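Student: Here it is: the structure, laid out below.
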Amino acid sequence: MAAAPPPSPSPTSPLSKVLLAIGIAFLLGILFDARSMVHAGQGMSDGPARIVTLDVGRAALAVAKVTHLTWPRHQLDALLGHQTAPSVSPLLALAAATPTAQVDPTSTIQPTATAVAVSTSTTSETSTAAQVASTASPSATPTMAPTATPAATATPVATPTPRGPPLFQPTKVHPLRLLVTGDSLTGYLGPELIDAAARVGPVLGFVDTHDGTGLTRPDFVDWSVVASEQGPKYHPDAVVVLIGGNDFQNMTLPGGKFFLAGTPAWTAEYARRVQVCMERWLAGGARRVYWLSMPPARRPDWAHDDAQINVAIQMAAARVPGAEYVNILGPITNDGKYTDFIKKPNGQVLLIREQDGVHLNQAGSQIAADEVLKVLERQWHFGPQPTPTPSSTGIATPTVH
Amino acid sequence: MIFPTLQFAAFFAVVLPLSWLLMPHPRLWKPFIIAASYFFYGSANPHYVFLLVGCTIWNQVMAIAIDRHCRSERSRSIVLFIALAGDLGLLGWFKYYGFFVDSVAAFTSRLGLPLPLPLLQVALPIGISFFTFQAMSYIIDVRRGQYEPATFLDFAVYLSFFPHLIAGPIVRARELIGQFATPRNPRRIEAARAFGLICGGLLKKVVIADYLATRLIDPVFGAPVLHSRWDVIAAIYGYAVQIYCDFSAYSDMAIGLALLLGFQFPPNFDRPYLALSIQEFWHRWHMTLSRWLRDYLYIGLGGNRKGRVRTYVNLMLTMLLGGLWHGAAWNFVLWGGMHGLGLAWERWWGNHHGGRRQRPKHPVLSWFVTFQFVCFAWILFRADTMQTFGELWHQLVFGGGQTTVTLAEVIVILVGLGIQFIPRDLFAGWRIRFAEMGPVLQGVALSVVLIITSAFVSGQGVAPFIYYRF
């Protein structure tokens with residue numbers, strides 16, 4: 001195999017000139033783009049690097065604002081059609097406006113200090129949120145209730161919400177606009193679910209994955225803003241959400257209020273954020289929001305937080321008409337606990353998790369997608385489509401649930 | 001830590017001046033650069049640093065054993081075999097164990113004889129394919145008498161040197177270790193070329209590769225049944241552009257960073273989509289892997305010295321294993337096999353039509369056929385499953401409906417392809433003009449590129465490079 005021709009003779013420079021050029025580039029880059037530096041710092045994990053990045057970024061931003069050095073980046077953003085981020089995250093601003101980011105006393109579900117498994121009553125159509133609450137008591141252990149283990153559940157269960165906008169039967173003319181969104185956990189799940197749904201029903205699918213995001217860091221990416229933007233962008237009838245892979249961390253409000261991960265106060269604050277996002281999607285025109293249970297991570301301490309996240313989602317779903325908690329843990333866990341492999345009924349052993357011990361791999365995502373699809377099929381009445389008639393063409397036929 | 005991030009910029013801003021400061025004192029510089037490289041590698045998972053250290057010790061001990069303690073050819077071969085078994089064992093365990101066990105378990109299940117195989121989920125250390133291949137090239141060169149064992153520190157710097165550690169280029173010991181012998185000249189840094197490669201790499205990665213991935217390729221390959229024929233066609237060509245702009249961007253940045261530190265790496269890409277044959281494509285695409293496969297696998301198998309049929313078989317085997325190197329999945333094996341078939345067919349055609357060294361009679365036709373072959377072979381590379389592969393082809397043939405491809409996406413694809421047609425002299429001219437500028441103007445120019453790339457990066461940051469997972 002022939003070697004590539006040698007590169008053309010290249011001019012050289014002394015080290016002092018190189019270091020000076022790099023130094024000037026970094027300095028100008030930080031000044032012109034200080035907002036990005038602050039944003040990057042907000043997305044970092046807690047630690048010295050985050051503190052330094054934020055401190056340097058904020059100082060540079062202050063200088064840049066005074067000297068109007070933010071102007072070129074603003075113009076570039078406008079040229080590229082980017083939206084300027086709000087100065088204060090709405091999710092945090094809402095929290096500040098709501099002084100008690102605590103448990104809603106009227107809620108039937110209370111956060112627990114211990115990991116609480118998800119209720120999986122098989123009588124989903126008639127059960128109530130109160131039934132869910134009955135298994136999510138403070139005394140519950142981190143294992144699944146023996147009478148309601150996910151593994152024993154034949155069908156996935158959504159916490160039923162008696163109210164909510166009426167559903168319609170999707171047709172080829174008026175397909176179900178299905179948005180699958182969330183953090184990197186939806187990387188495989190989204191395409192798998194949309195692919196599977198499109199095979200069985202008239203579905204127009206969208207996947208909007210935001211890697212490395214979550215509800216604990218709205219200063220980095222505010223999911224209530226994302227939810228508000230997704231309404232006019234995708235016009236979804238149904239939104240399937242899976243978020244939480246990056247939320248194994250503490251939360252802080254602008255006023256300095258601190259929520260230690262895993263505590264009941266943390267769960268209540270997380271539930272509040274879930275609720276806000278659910279409301280944003282529904283306000284944007286979605287008729288249902290299906291928020292999926294967070295699959296447990298391999299690390300035991302993370303698995304504990306996952307369980308708390310699932311409790312928080314249930315709490316929020318119980319408060320928001322049209323929002324539902326969908327438990328997908330049954331076939332992808334070992335009685336609610338983390339597992340890399342599962343055994344199919346035919347004896348075949350399947351690897352279902354990525355090597356990082358957090359994400360589902362494609363096979364696992366396919367199984368989870370099938371679980372969600374069962375809920376969608378049941379609620380949206382997929383199946384043989386009637387020939388379009390003048391009454392149904394182009395107009396949604398409401399099917400009230 | 002990936003190159004186009006704030007963390008790496010901070011890391012490099014510290015390492016660059018310190019490296020030059022310590023360069024005149026190799027006894028200080030070598031431990032420093034090893035420590036910096038281990039820090040870089042360990043930033044993702046500190047445990048994997050032990051793997052890198054273990055790989056370094058193992059290969060160095062074996063190289064010394066071959067060179068100094070083995071009296072006969074036979075004993076040298078035995079030690080080489082043990083050394084390679086160790087390297088391949090490491091690679092096999094971390095990269096192929098799951099694939100092997102999954103495949104065997106699926107096969108026996110289909111036969112109705114499910115085997116109780118030890119199922120384990122093994123995490124893949126980043127860059128393992130690259131540094132084990134470098135270690136293997138070192139020890140094979142020592143065995144062949146083409147290279148004497150380096151000192152432990154030199155070998156450790158060679159294997160861990162952070163610009164190439166994660167995703168190449170696959171540099172040979174004799175290309176790099178020789179450069180450690182003499183301190184680099186701080187008055188003669190190829191800065192203009194380095195900045196050109198780094199800035200060009202940034203723009204290719206962020207403006208072209210990531211843009212096409214998020215807007216076009218991921219949605220289409222994620223759910224082919226929802227897309228029309230024209231979407232699928234655009235995604236196929238778009239992926240050809242994405243993978244080139246992604247991987248060559250990493251290589252360019254690696255070469256540029258090494259240049260700033262005073263070291264030369266071999267080129268890894270040479271406008272691959274201008275190739276007039278599959279063979280030429282592999283002379284231009286991931287060149288350091290191509291020559292590794294040629295020198296240590298194809299020639300080791302006998303190359304073309306054992307008759308025509310054996311040559312075809314060797315080509316096929318080399319490409320199948322080359323495909324498997326890219327990933328532990330059948331789609332990569334099939335992708336390699338497709339290229340192996342293409343190379344064997346070209347060799348057969350050349351043998352029967354006037355010699356394979358001849359230039360093609362119809363260069364435009366040859367270019368067109370080669371380009372289509374390469375692009376459509378990428379489908380196997382990108383499709384996560386054979387089901388996705390089948391769905392893409394189904395949509396390609398039967399997928400009606402309107403396209404969702406935008407004019408901007410088409411333009412980006414054309415730009416990605418078009419940059420390969422820019423004459424080399426043009427880049428050389430830019431480099432000279434840039435070098436003539438003062439440091440302030442150079443800094444301003446560099447900051448403009450930084451701001452542009454930052455503006456293109458979405459809120460979630462730069463996507464990982466495709467070749468990171470290999």
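The values are calculated or read from the model by the stated rules, or taken from the named source; none is laboratory data. Quantities reported herein were computed from a predicted structural model and do not represent experimental measurements. Neighbour counts are summed over all protein chains in view; Cβ atoms, including those assigned to glycine, are modelled from backbone coordinates with ideal geometry. When the accessible area is computed, the model is the full protein with side chains, heavy atoms only, and any ligands, DNA or RNA have been set aside. Shrake-Rupley method; radii C 1.70, N 1.55, O 1.52, S 1.80 Å.
Student: Suppose the filter is more than 14 Å from every other protein chain (Cβ to nearest Cβ), open to solvent by less than 40 Å² (accessible area, probe 1.4 Å) and among the small types (Gly, Ala, Ser); does B:Ala9 pass it?
Tutor: Working: more than 14 Å from every other protein chain (Cβ to nearest Cβ): no; open to solvent by less than 40 Å² (accessible area, probe 1.4 Å): yes; among the small types (Gly, Ala, Ser): yes.
Here the answer is no, as B:Ala9 does not meet what is asked.
Student: Return the total of residues in region A:193-227 being in contact with a Lys or Arg (Cβ under 7 Å, 6 or more places away or on another chain) and at the interface with another protein chain (Cβ under 10 Å from one of its Cβ atoms).
Tutor: 1
Student: Could you list, in sequence order, all residues of region A:38-59 that are modelled with pLDDT of 80 or more and over 17 Å from B:Thr5 (Cβ atoms)?
Tutor: A:Ile51, A:Asp55, A:Arg58, A:Ala59
Student: Filtering region B:380-413 down to residues that are open to solvent by less than 40 Å² (accessible area, probe 1.4 Å) and assigned to a loop (DSSP other than H, G, I, E, B), which residue is farthest from the other protein chains (Cβ to nearest Cβ)?
Tutor: B:Val405
Student: What do you reckon, is A:Gly190 open to solvent by less than 40 Å² (accessible area, probe 1.4 Å), of a type in the set (Gly, Ala, Ser), under 17 Å from A:Trp223 (Cβ atoms) and within 12 Å of chain B (Cβ to nearest Cβ)?
Tutor: Working: open to solvent by less than 40 Å² (accessible area, probe 1.4 Å): yes; of a type in the set (Gly, Ala, Ser): yes; under 17 Å from A:Trp223 (Cβ atoms): yes; within 12 Å of chain B (Cβ to nearest Cβ): yes.
Yes; evaluated as a whole, the condition is true for this residue.
Student: Continuing with this model, one more query. So for region B:68-75 (the condition being over 28 Å from B:Arg27 (Cα atoms) and surrounded by 13 or more Cβ atoms within 10 Å (Cβ to Cβ)), does at least one residue qualify? Walk me through how you get there before you give the answer.
Tutor: Narrowing region B:68-75 to residues over 28 Å from B:Arg27 (Cα atoms): B:70-75.
The next check asks that each one be surrounded by 13 or more Cβ atoms within 10 Å (Cβ to Cβ); those that pass are B:70, B:75.
Yes; the residues of region B:68-75 include at least one that is over 28 Å from B:Arg27 (Cα atoms) and surrounded by 13 or more Cβ atoms within 10 Å (Cβ to Cβ).
Student: With the requirement that a residue be in a helix (DSSP H, G or I), open to solvent by less than 30 Å² (accessible area, probe 1.4 Å) and either among the aliphatic types (A, V, I, L, M) or more than 19 Å from A:Phe26 (Cα to Cα) (or both), what does region B:169-197 give you?
Tutor: B:Ala173, B:Leu176, B:Ile177, B:Gln179, B:Phe180, B:Ala191, B:Ala192, B:Ala194, listed by residue number.
Student: What pairs come up if the first residue lies in region A:297-310 and is outside any helix (DSSP H, G or I), the second is modelled with pLDDT of 85 or more and aromatic (Phe, Trp, Tyr), and their beta carbons are under 8 Å apart, counting only those six or more places apart or on different chains?
Tutor: A:Ala297/A:Tyr338; A:Arg298/A:Tyr338
Student: Starting from residues that are part of a helix (DSSP H, G or I) and without any contact (Cβ under 8 Å) to a residue 12 or more places away in the chain, keep the ones in region B:30-52 and report whichever is most open to solvent (accessible area, probe 1.4 Å). I'd like the intermediate steps shown before the answer.
Tutor: Applying the first criterion (part of a helix (DSSP H, G or I)) to region B:30-52 yields B:30-42, B:48-52.
Next cut, without any contact (Cβ under 8 Å) to a residue 12 or more places away in the chain only: B:35, B:42, B:49-50.
Working: B:Ala35: 59, B:Gly42: 12, B:Val49: 26, B:Phe50: 155 Å².
Ranking the qualifying residues of region B:30-52, first place goes to B:Phe50.
Student: Any residue at all in region B:273-285 that is buried (at least 21 other Cβ atoms within 10 Å of the Cβ), touching a Gly at 6+ places or on another chain (Cβ under 6 Å) and either within 11 Å of chain A (Cβ to nearest Cβ) or within 25 Å of B:Phe368 (Cβ to Cβ) (or both)?
Tutor: yes
Student: Suppose the filter is open to solvent by less than 50 Å² (accessible area, probe 1.4 Å), out of contact with any Cys (no Cβ under 7 Å at 6 or more places or on another chain), aliphatic (A, V, I, L, M) and at pLDDT below 90; does B:Leu293 pass it? If you could, list the steps in order and put the result at the bottom.
Tutor: On the way: open to solvent by less than 50 Å² (accessible area, probe 1.4 Å): yes; out of contact with any Cys (no Cβ under 7 Å at 6 or more places or on another chain): yes; aliphatic (A, V, I, L, M): yes; at pLDDT below 90: no.
In short, no.
Student: Filter region A:30-78 for residues that are closer than 20 Å to A:Asn250 by Cα, open to solvent by less than 40 Å² (accessible area, probe 1.4 Å), touching a residue at least 24 places away in the same chain (Cβ under 8 Å) and more than 9 Å from chain B (Cβ to nearest Cβ) and give the result.
Tutor: Listed by number, the list holds a single entry, A:Gln42.
Student: Can you find even one residue in region A:205-213 that is in contact with a helix residue (DSSP H, G or I) (Cβ under 9 Å, 6 or more places away or on another chain), farther than 18 Å from A:Tyr270 by Cα, surrounded by fewer than 22 Cβ atoms within 10 Å (Cβ to Cβ) and of a type in the set (Phe, Trp, Tyr)?
Tutor: Yes, there is a match, as at least one residue in region A:205-213 is in contact with a helix residue (DSSP H, G or I) (Cβ under 9 Å, 6 or more places away or on another chain), farther than 18 Å from A:Tyr270 by Cα, surrounded by fewer than 22 Cβ atoms within 10 Å (Cβ to Cβ) and of a type in the set (Phe, Trp, Tyr).
Student: Right, next: Among the residues of region B:257-265, is any assigned to a helix (DSSP H, G or I), out of contact with any helix residue (DSSP H, G or I) (no Cβ under 7 Å at 6 or more places or on another chain) and open to solvent by less than 20 Å² (accessible area, probe 1.4 Å)? Before the answer, list the steps.
Tutor: Residues of region B:257-265 assigned to a helix (DSSP H, G or I): B:257-260.
Add one more test, that the residue is out of contact with any helix residue (DSSP H, G or I) (no Cβ under 7 Å at 6 or more places or on another chain), and what stays is none.
The answer is no; no qualifying residue exists.
Student: Take A:Glu371 and decide whether it is closer than 26 Å to A:Asp237 by Cα and either of a type in the set (A, V, I, L, M, F, W, C) or at pLDDT 75 or above (or both).
Tutor: Values: closer than 26 Å to A:Asp237 by Cα: yes; either of a type in the set (A, V, I, L, M, F, W, C) or at pLDDT 75 or above (or both): yes.
Taking the combined requirement at face value, the residue satisfies it.
Student: Filter region A:238-279 down to the residues that are among the hydroxyl-bearing types (Ser, Thr, Tyr), part of a helix (DSSP H, G or I) and within 17 Å of A:Thr213 (Cβ to Cβ) and list them by number.
Tutor: The first filter runs over region A:238-279 and keeps only residues among the hydroxyl-bearing types (Ser, Thr, Tyr), leaving A:252, A:263, A:267, A:270.
Then drop every residue that is not part of a helix (DSSP H, G or I), which leaves A:267, A:270.
The one that is among the hydroxyl-bearing types (Ser, Thr, Tyr), part of a helix (DSSP H, G or I) and within 17 Å of A:Thr213 (Cβ to Cβ): A:Tyr270.
Student: Any residue in region B:89-108 that is on the phi < 0 side of the Ramachandran plot and more than 10 Å from chain A (Cβ to nearest Cβ) sitting within a Cβ distance under 6 Å of a residue that is open to solvent by 40 Å² or more (accessible area, probe 1.4 Å) and not acidic (Asp, Glu)? List the pairs, counting only those 6 or more apart or interchain.
Tutor: The qualifying pairs are B:Lys95/B:Leu124.
Student: Could you check region A:228-251 and list, in sequence order, the residues that are under 27 Å from A:Val38 (Cβ atoms), away from every other protein chain (no Cβ under 14 Å), acidic (Asp, Glu) and open to solvent by 10 Å² or more (accessible area, probe 1.4 Å)?
Tutor: Across region A:228-251, there are no qualifying residues.
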